[in-house]
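The values are calculated or read from the model by the stated rules, or taken from the named source; none is laboratory data. Everything numeric here is computed off the predicted structure, so don't read it as measured data. FYI the Cβ positions are ideal-geometry reconstructions off the backbone, even for glycines, and counts take in every protein chain you see.
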């Protein structure tokens, strides 16, 4: 039985500061607007830019981190799935919404999106998906690499970030 894949990877810049709300149960739900721009050349050789705007939802701890550290203009990597919803507006019209539900986020660039500073990588707290086949062999675990004697006296305090 084929299950299908729903996977989205985006790298873009925030168009606004994140908006964080909390459910009645206390779980954070953060919404960001992410712009991705592609560049191509037309028949005449002129450069054409196209910007797409994406609505991204981050839940739980991932949402809290996004709400605290992301700001307008910041470059971010998002990995997740696409979701389409339909609802009826206050005027009785049916409305459609497309959003990305993030499983993973990595902040890129500096705090305002400038430079190539070190970003943080964060994953959703969702449980791992079951393997596609029940008869699949479990993943092999590799032994950790042996420590070199040159690094035995290296302390965590020496790490610059």
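On the given criteria, is residue 64 more than 14 Å from residue 13 (Cα to Cα) and without any contact (Cβ under 8 Å) to a residue 40 or more places away in the chain? Don't jump to the end; show me each part of the working.
On the way: more than 14 Å from residue 13 (Cα to Cα): yes; without any contact (Cβ under 8 Å) to a residue 40 or more places away in the chain: no.
It is false that residue 64 is more than 14 Å from residue 13 (Cα to Cα) and without any contact (Cβ under 8 Å) to a residue 40 or more places away in the chain.
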Original post:
Is it the case that residue 73 is under 23 Å from the mean Cα position of the chain (by Cα), assigned to a loop (DSSP other than H, G, I, E, B) and over 18 Å from residue 21 (Cα atoms)?
Top reply: yes
Subject >> Positions within region 1-55 being surrounded by 14 or more Cβ atoms within 10 Å (Cβ to Cβ) and under 16 Å from residue 103 (Cβ atoms), in sequence order >> reply: 8, 10, 27, 28, 29, 30, 31, 32, 34, 54
**OP:** Identify the single condition in (1) modelled with pLDDT under 95; (2) in contact with a helix residue (DSSP H, G or I) (Cβ under 8 Å, 6 or more places away or on another chain) that residue 91 does not satisfy, given that it satisfies every other one.
**Re:** (2)
**OP:** Determine whether region 99-117 contains at least one residue that is over 15 Å from the mean Cα position of the chain (by Cα), in contact (Cβ under 8 Å) with a residue 60 or more places away in the chain and surrounded by 10 or more Cβ atoms within 10 Å (Cβ to Cβ).
**Re:** yes
Original post:
Which members of region 67-92 meet the condition of being free of Cβ contacts under 8 Å to residues at least 40 places away in the same chain, out of contact with any strand residue (DSSP E or B) (no Cβ under 6 Å at 6 or more places or on another chain) and surrounded by 10 or more Cβ atoms within 10 Å (Cβ to Cβ)?
Top reply: 68
Original post:
Out of all the residues in region 3-30, which are in a strand (DSSP E or B) and under 17 Å from residue 79 (Cβ atoms)?
Top reply: 8, 9, 10, 11, 12, 13, 14, 30
